[in-house]
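Okay, so here's the structure we're looking at.
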Amino acid sequence: MPDSVFIIVGLIAVSTLVLLVLLAKMFRKAGPNEALIVYGFRGPRVIKGHGSVIFPLMESCRELSLELMSFDVAPQQDMYTKQGVAVTVEAVAQIKVRSDQQSILTAAEQFLTKTPAQREGLIRLVMEGHLRGIIGQLTVEQIVKEPEMVADRMRSTCAE
């Protein structure tokens, strides 16, 4: 009788240990600078700043960085002002995904399957297009004398 009690207690201890190890492997955490996009049978979810259990075979997750991205936006060709004057423009873009759930899901939809280089190239093209449109509406004097106005227009155009 006492041997069977030790066997049962041992089996319960081993089972508990195995269950805890499985739960630990299924638990994923998101740091303060990232979001986990969980998708599967419960639909898409955003986990930010805490953790969640991801059930294998039924759910999967990917990480999305919420850090500030900074890169040069230097168009390959000259841009033309309202007066038709060719100008060379150099700019630095800083982009960050907003921390609300809808913005994170939108960014995940657009960027999650892309490599960082592809993501940067896509953002650079969009920023360059906006910059080209803004420069095309201004005169050379406005660009030179009011660089803050150019920056404000860029910010308001690209904020969303």
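The values are calculated or read from the model by the stated rules, or taken from the named source; none is laboratory data. Here the structure is a predicted model, which is why all the values come from computation and not from measurement. Glycine gets a Cβ as well: all are built from the backbone with ideal geometry, and neighbour counts include every protein chain shown.
A few comments on the model shown:
- When the range 17-37 is filtered for residues that are under 25 Å from Thr106 (Cβ atoms), out of contact with any helix residue (DSSP H, G or I) (no Cβ under 9 Å at 6 or more places or on another chain) and of a type in the set (A, V, I, L, M, F, W, C), the ones remaining, listed by number, are Ala30, Leu36.
- Strands (runs of 3 or more DSSP E) lying entirely in the range 1-106 (those with 2 or more residues that are among the hydrophobic types (A, V, I, L, M, F, W, C) and closer than 30 Å to Ile134 by Cβ): 69-73, 91-95
- Pairs are defined by a Cβ separation below 8 Å, a sequence spacing of at least 6 or placement on different chains, a first member in the range 115-135 that is of a type in the set (D, E, K, R), and a second member that is part of a loop (DSSP other than H, G, I, E, B) and surrounded by 13 or more Cβ atoms within 10 Å (Cβ to Cβ); the pairs so defined are Glu128/Pro75; Arg132/Pro75.
- Any hit, the range 57-66, residues being free of Cβ contacts under 8 Å to residues at least 24 places away in the same chain, within 28 Å of Gln118 (Cβ to Cβ) and surrounded by 15 or more Cβ atoms within 10 Å (Cβ to Cβ): yes
A quick yes/no check of all residues on (1) over 22 Å from Thr157 (Cβ atoms); (2) out of contact with any helix residue (DSSP H, G or I) (no Cβ under 7 Å at 6 or more places or on another chain); (3) of a type in the set (A, V, I, L, M); (4) modelled with pLDDT of 90 or more:
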{"residue": "Tyr39", "(1), (2), (3), (4)": "yes, yes, no, yes"}
{"residue": "Glu63", "(1), (2), (3), (4)": "yes, yes, no, yes"}
{"residue": "Val73", "(1), (2), (3), (4)": "no, no, yes, no"}
{"residue": "Gln77", "(1), (2), (3), (4)": "no, yes, no, no"}
{"residue": "Gln83", "(1), (2), (3), (4)": "no, no, no, no"}
{"residue": "Ala93", "(1), (2), (3), (4)": "no, no, yes, no"}
{"residue": "Leu122", "(1), (2), (3), (4)": "no, yes, yes, no"}
